[in-house]
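Report on one structure; see the data block that follows.
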Amino acid sequence: MSVSCITETTQYLTFKLGGEIFALDVAKVREILDFTTVTTVPRTPGFMRGVINLRGSVVPVIDMRLKFGMSGTEKTVNTCIVVVEVGLEGETIIVGALADSVQEVIDLEPDQIEPAPKIGTKLRTDFIKGMGKQDNGFIMILDVDRVFSSDELSEVQELSH
């Protein structure tokens, strides 16, 4: 999905990972939970913290900091789990994304969004939908359906069954 297909004002939920601000389309966000007990599952990818019980459903929890090559998330009073819907081959998978803190819901106009930077061929930036301009900084707008590869999501999906 390119920036050119963002033609209307869209609401985004912003959250922090380290010192950076990221955003997700609110249409993909189900709910925000306080950080709770996560049950570790053996032999899962390193960025997967485990699973939580969400009203009787098993929901895999992904440490977004680890997924993006940062240090693991430390539990603080602001740490939370953003429950999102991720599309995979026509199915919707519910995933918990661990974030340092949730900021706010913002509206971004199409003219406030720049294309994601192209940084050579080694770095994957296809999961960045665009760079939102706010005040003097940038917000990385994530395409949540592309943050995870289909192989990674298949592993995660198996846990939630």
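Here 27, 23 are screened, and the one residue that is touching a strand residue (DSSP E or B) at 6+ places or on another chain (Cβ under 6 Å) and under 16 Å from residue 129 (Cα atoms) is 23.
Per the listing 67, 75, the residue uniquely in contact with a Phe, Trp or Tyr (Cβ under 7 Å, 6 or more places away or on another chain), exposed (fewer than 13 other Cβ atoms within 10 Å of the Cβ) and farther than 28 Å from residue 111 by Cβ is 75. Scoring residue 97 on the criteria (1) among the small types (Gly, Ala, Ser); (2) crowded, with 18+ Cβ neighbours inside 10 Å; (3) at positive phi leaves a single failure, condition (3).
Exactly one residue among 124, 49, 55 is at positive phi and either of a type in the set (D, E, K, R) or modelled with pLDDT of 90 or more (or both), and that residue is 55.
If you go through region 130-153 and keep only what is under 16 Å from residue 84 (Cα atoms), modelled with pLDDT of 80 or more and not in a loop (DSSP other than H, G, I, E, B), you end up with 141, 142, 144, 145, 146, 147. Contact annotation: residue pairs with Cβ atoms under 6 Å, 6 or more positions apart or on different chains, pairing a residue in region 83-101 that is more than 23 Å from residue 36 (Cα to Cα) with a partner that is at pLDDT below 90 and aliphatic (A, V, I, L, M), are 88/153.
The values are calculated or read from the model by the stated rules, or taken from the named source; none is laboratory data. Computed from a predicted structure; not experimentally measured. A quick note on method: Cβ atoms are made from the backbone with ideal geometry, for glycine too, and the neighbour counts reach across all protein chains shown.
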